[in-house]
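Everything below concerns the one structure shown next.
The values are calculated or read from the model by the stated rules, or taken from the named source; none is laboratory data. Values in this document were obtained by computation on a predicted structure and should not be read as measured data. Methodologically, a virtual Cβ is constructed for each residue, glycine included, from the backbone with ideal geometry; neighbour enumeration extends over all protein chains shown. Accessible surface is based on the protein model in full, side chains and every heavy atom, while ligands, DNA and RNA are left aside. Shrake-Rupley method; radii C 1.70, N 1.55, O 1.52, S 1.80 Å.
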Amino acid sequence: VPIFIPVLKLINPGEHGLSSAAIVGGVGDNGRGITGVNWDLELMLFSFTKISDLVKSYDYVIDQREKFNNSNGTEGAFVVATSNSFGQNRVFCESKPVWAAMFDELGAVGVLSSYGVGNVRYDADVAGDMPASCPSDYLLISCNTDEDDNLFSSSAYGAVSVDLGAPGEGTVTARPNNTYGVFGGNSAATPHVSGAIALLYAGDCAQLETDARQAPAATALRIKDLLLQSAEQRPSLQNRTLTGGRLHVGDAMNLLTESCNNTLGELAILRLGPNPTDDLLRINYQVPENGTYELELFDALGRRCQHQQVEVNTFGIRRLDWDVSRLVAGVYWLRFGDGGAGVWKQVVVI
């Protein structure tokens, strides 16, 4: 199934749009020029000068993906993301209601919207940024990082509104007239994230392809979660992005593979570690059927100290990290199960 990414550019599509699009999907392994995040990809390209035309572009994307979903892939196009290397600095979402409303509409048919923040150092949480300040779950907001994976000096940030960092500064990509050169800023960071979305959809996971047709919105959110969970932690992105990390496509693909290969079996905790621990406890588990399970931690006197519900679905990572750093040192008992059956493991907090 071909994958399409619309690359929407506000001005100068011949240069700015070309350089961004090549990062998403420049042909690879051909002995020429540069390689995109995806080596073999089909792109929808749009240019516009006003918001009303941007909305029309989005409407077209929605129409194509909706046709794909409703025809089980025989019509329309399998659009998975929009790559948007533009925005408005120091503007809050509520001032652009028509533009802002499009992200949930795109998400409903299975399309994520990848955006960057401004190329000026400011806190988007405080000053505003369009569309980083929008609350849609189907937005994936990135900020520009340099060759050392640090937040670039001329990039905005936001501990709430910016999801993760992405490599942008110093990127070599295609330029007009069959040339190549350096391209940077958040306009270069954004297509790295867009390309990562497409690459995950192209991964070797038959269940993902089925879910994308049958549950497009939920599958889009799972792809977003894979990218956020796999972000590589970087000191300069701590408290300046939601994840505190930089895009790591390889780890995201590994998580996809792990989640795709899920199988049902006897209720069990497969691995528990580190144990002893004073921080995070990583729990790998197996379940006999998908549904809601409960994780509970009891002290030596049988008192329940912590608990949480775990939603398990077909396409999901059978692993979670549990923070036990607030517990006093001692021996505890971990129970994992549903309302009836459960398995127990000893946990030592130091």
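Only Cα pairs within less than 10 Å get springs; with that Gaussian network setup on the chain, which residue of I197, I34, I51 has the largest fluctuation?
The residue with the greatest mean-square fluctuation here is I51.
Based on the inverse mean of 1/r over its pairs of different Cα atoms, what is the Kirkwood hydrodynamic radius of the range 195-276, in Å?
Details: mean 1/r = 0.0696 Å⁻¹.
Computed over Cα pairs of the range 195-276, the Kirkwood hydrodynamic radius comes out at 14.4 Å.
Could you state the orientation-averaged shadow area of the convex hull built on the Cα atoms of the chain, in nm² to one decimal? Working shown, then result.
On the way: hull surface 77.0 nm².
Averaged projected hull area, Cα only: 19.2 nm².
Quote the relative contact order of the chain in percent (integer), defining contacts as alpha-carbon pairs under 8 Å separated by 6+ residues. Kindly include the intermediate steps, with their values, before the conclusion.
Numbers: 848 pairs, mean separation 45.6, N = 350.
Answer for the chain is 13 percent.
I want to verify a result. In a Gaussian network model of the chain, Cα cutoff 10 Å, which of these has the top mean-square fluctuation: V328, V182, V91?
Answer for the Gaussian network model of the chain: V328.
Sequence gap at least 6, Cα distance under 8 Å: using those rules, report the relative contact order of the range 203-350 to the nearest whole percent. The partial results should precede the final answer.
Working: 264 pairs, mean separation 28.9, N = 148.
Reported relative contact order: 20 percent.
Probe radius 1.4 Å, ligands and nucleic acids left out: which of W333, W99 has the largest accessible area, and how do the rest follow? Show your work: numbers first, answer last.
Working: W333 105, W99 5 Å².
Ranked from most to least accessible, the order is W333, W99.
How high is the FRET efficiency from R282 to A159, r the C-beta distance, R0 30 Å, rounded to 0.05? Before the final figure, lay out the partial values.
Values: r = 25 Å, r/R0 = 0.82.
The value I calculate is 0.75.
Most fluctuating residue of D338, D40, D129 in a GNM of the chain with Cα springs under 10 Å: which is it?
Largest GNM mean-square fluctuation: D338.
At q = 0.09, 0.10, 0.11 Å⁻¹, what is the log10 ratio I(q)/I(0) for the range 1-157, with the Debye formula run over Cα points and no solvent?
-0.31, -0.38, -0.46
Counting only Cα atoms, I'd like the Rg/Rh figure for the range 138-247, Kirkwood definition for Rh. Display every interim value, and only then the final one.
Working: Rg = 15.2 Å, Rh = 14.7 Å.
Over the Cα atoms of the range 138-247, Rg/Rh equals 1.03.
Quick one: what Rg and Dmax do you get for the range 112-185 from the alpha carbons, in Å?
Radius of gyration, then largest Cα-Cα span, for the range 112-185: 13.3, 42 Å.
Taking 0.36 nm per intervening residue step and subtracting the Cα-Cα distance, what contour gain separates D148 from V120 on full extension? Before the final figure, lay out the partial values.
Working: separation 28, 0.36 × 28 = 10.08 nm, distance 1.91 nm.
Length difference between fully extended and current span is 8.2 nm.
Under a crude label model (7 Å from the Cα following the beta-carbon direction), how far is Y60 from E75 in nanometres?
1.9 nm
Quantify, in whole percent, the carbon and sulfur part of the accessible surface of the range 157-197 (1.4 Å probe; protein heavy atoms only).
On the way: 670 of 1280 Å².
Carbon with sulfur: 53 percent of the solvent-accessible area.
Can you work out the FRET efficiency for the pair L301 and D40, with r the C-beta to C-beta distance and R0 = 56 Å, to the nearest 0.05? Intermediate results must be reported in sequence, preceding the final value.
Working: r = 60 Å, r/R0 = 1.08.
Given R0 = 56 Å and the Cβ-Cβ separation, E is 0.40.
Considering only protein heavy atoms and a probe of 1.4 Å, how much of the accessible area of the range 210-261 is carbon and sulfur, as a whole percent?
Values: 1010 of 2230 Å².
That fraction is 45 percent.
Taking Rh as the Kirkwood radius computed over C-alpha pairs, what is the Stokes-Einstein D of the range 254-308 at 20 °C in a medium of viscosity 1.002 mPa s, expressed in µm² per second?
Working: Rh = 13.4 Å.
It comes out at roughly 160 µm²/s.
In percent, what relative contact order does the range 308-350 have, based on Cα pairs under 8 Å that are 6 or more apart in sequence? Show your work: numbers first, answer last.
Numbers: 35 pairs, mean separation 14.2, N = 43.
Value for the range 308-350: 33 percent.
Name every cysteine in the chain that ends up alone, with no second cysteine's Cβ under 4.7 Å, or say none.
So far as the 4.7 Å Cβ criterion goes, C143, C305 stand without a partner in the chain.
Kindly express, to the nearest 10 degrees and within the range 0 to 90, the angle between helix 216-229's C-alpha long axis and the longest C-alpha principal axis of the chain.
With rounding to tens, the tilt is 80 degrees.
Take the Cα coordinates of the range 213-350, assign each an equal point scatterer, and use the Debye formula without solvent to give log10 I(q)/I(0) at q = 0.08, 0.14, 0.19 Å⁻¹.
Listed by q, the Debye log ratios stand at -0.25, -0.77, -1.21.
Let me see the P(r) profile for the range 29-115: every Cα-Cα distance counted, bins of 5 Å, each bin given as a percent of all pairs.
Using 5 Å bins, I get a P(r) of 3, 12, 20, 23, 16, 12, 9, 5, 1, 0 for the range 29-115.
With the crude spin-label approximation of a point 7 Å out along Cα→Cβ, what separation in nm comes out for T292 versus R319?
About 2.7 nm, to one decimal.
Taking the solvent-accessible surface of protein heavy atoms with a 1.4 Å probe, what is the per residue accessible area of the range 261-311 in Å²?
Normalised by residue count, the accessible surface of the range 261-311 is 59 Å².
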